[in-house]
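Visitor: Let me give you the structure first, and then I'll get to my questions.
The values are calculated or read from the model by the stated rules, or taken from the named source; none is laboratory data. As the structure is a prediction and not an experimental result, all values here were calculated from the model. Cβ coordinates were reconstructed from backbone atoms using ideal geometry, including for glycine residues, and neighbour counts include every protein chain displayed.
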Amino acid sequence: MAGDQGTGLPEHVFPEWKAINSSVGELHLFWKFHSRFCGKAEEVELMQRILPFPYAIIRKGLLFSIIMEIRRLMDPAQYRGDINLSLERLVEVIKDHVPTALHEQLAKMREEIHAHCLPIIKWGNKRVGHAGKDMALGLATEKLPEVDEQHFESALAMMHDLLKQIHAHFNGPDTPMPFPEPTGDAEVLLDYIRTGHYAKQAGLRRCLID
């Protein structure tokens, strides 16, 4: 039996599909907001000058949320008897509902995503998930991997591609897959902050002139 909302996924699979698809979609939104809000040097300099502490909180909160979400999506299907809502679990739970060749392809895609995300997972384990003394105090001889913006972009694109393959099999390649689009809210927030800052500076100049 198919799931609700017009999806062709089996009914018992649909809740997990929906949860994982929502997690990947939220991850995309958080990343797009982070890359826009924290992506341009001149705006970073302005934020650090006029709102250093709030900006640092937003930036760190966004980055840590993104890293933790990636770590969760890369979890094994089960751990100590508990089932995880992860990409590996999704590939596992649809195994009996797709051709063997497609399942092997999906499993390989999941493995490639996990391998690609290993530097992010390692960074997250050392800096977000745990507080190892040597790493926290800068005493560790081990160096954390360099993870640039393109690495995150590629990881998110690979996850999206995996979900699209599953959706296309159950709904047909021409059926749009629900997925959130970037909203532009980061630009709106930046504009409010810039406008407020420039208005305040203009007001101060008028006070000096008067």
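Visitor: From the list I70, I57, which one is within 30 Å of G184 (Cα to Cα), in contact (Cβ under 8 Å) with a residue 60 or more places away in the chain and not polar (S, T, N, Q)?
Guide: Going through I70, I57 in turn, just one is within 30 Å of G184 (Cα to Cα), in contact (Cβ under 8 Å) with a residue 60 or more places away in the chain and not polar (S, T, N, Q): I70.
The rows are residues; the columns are (1) in a helix (DSSP H, G or I); (2) more than 17 Å from the chain's Cα centre (by Cα); (3) at pLDDT 90 or above.
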{"position": "K18", "(1), (2), (3)": "yes, no, yes"}
{"position": "G25", "(1), (2), (3)": "yes, no, yes"}
{"position": "L29", "(1), (2), (3)": "yes, no, yes"}
{"position": "S35", "(1), (2), (3)": "yes, no, no"}
{"position": "E42", "(1), (2), (3)": "yes, yes, no"}
{"position": "L46", "(1), (2), (3)": "yes, yes, no"}
{"position": "E69", "(1), (2), (3)": "yes, no, yes"}
{"position": "R72", "(1), (2), (3)": "yes, no, yes"}
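Visitor: Something else about it: Scanning the stretch 66-88 for residues that are among the small types (G, A, S) and in contact with a helix residue (DSSP H, G or I) (Cβ under 6 Å, 6 or more places away or on another chain), which turns out surrounded by the fewest Cβ atoms within 10 Å (Cβ to Cβ)?
Guide: Only one residue tops the list, namely A77.
Visitor: Kindly establish whether E104 is at pLDDT 85 or above and more than 19 Å from the chain's Cα centre (by Cα).
Guide: yes
Visitor: Out of curiosity, is I120 of a type in the set (V, I, T) and either out of contact with any helix residue (DSSP H, G or I) (no Cβ under 8 Å at 6 or more places or on another chain) or modelled with pLDDT under 95 (or both)? It would help to see each step written out before you state the result.
Guide: Values: of a type in the set (V, I, T): yes; either out of contact with any helix residue (DSSP H, G or I) (no Cβ under 8 Å at 6 or more places or on another chain) or modelled with pLDDT under 95 (or both): yes.
Considered against the rule, which asks whether it is of a type in the set (V, I, T) and either out of contact with any helix residue (DSSP H, G or I) (no Cβ under 8 Å at 6 or more places or on another chain) or modelled with pLDDT under 95 (or both), I120 comes out as yes.
Visitor: Among the residues of the stretch 104-116, write down those that are more than 18 Å from N21 (Cα to Cα) and either among the hydroxyl-bearing types (S, T, Y) or in contact with a helix residue (DSSP H, G or I) (Cβ under 6 Å, 6 or more places away or on another chain) (or both).
Guide: H116
Visitor: Please state which of the following conditions V13 fails to meet, knowing it meets all the rest: (1) modelled with pLDDT of 90 or more; (2) within 20 Å of I120 (Cα to Cα); (3) touching a helix residue (DSSP H, G or I) at 6+ places or on another chain (Cβ under 7 Å).
Guide: Against the list (1) modelled with pLDDT of 90 or more; (2) within 20 Å of I120 (Cα to Cα); (3) touching a helix residue (DSSP H, G or I) at 6+ places or on another chain (Cβ under 7 Å), V13 comes up short only on (2).
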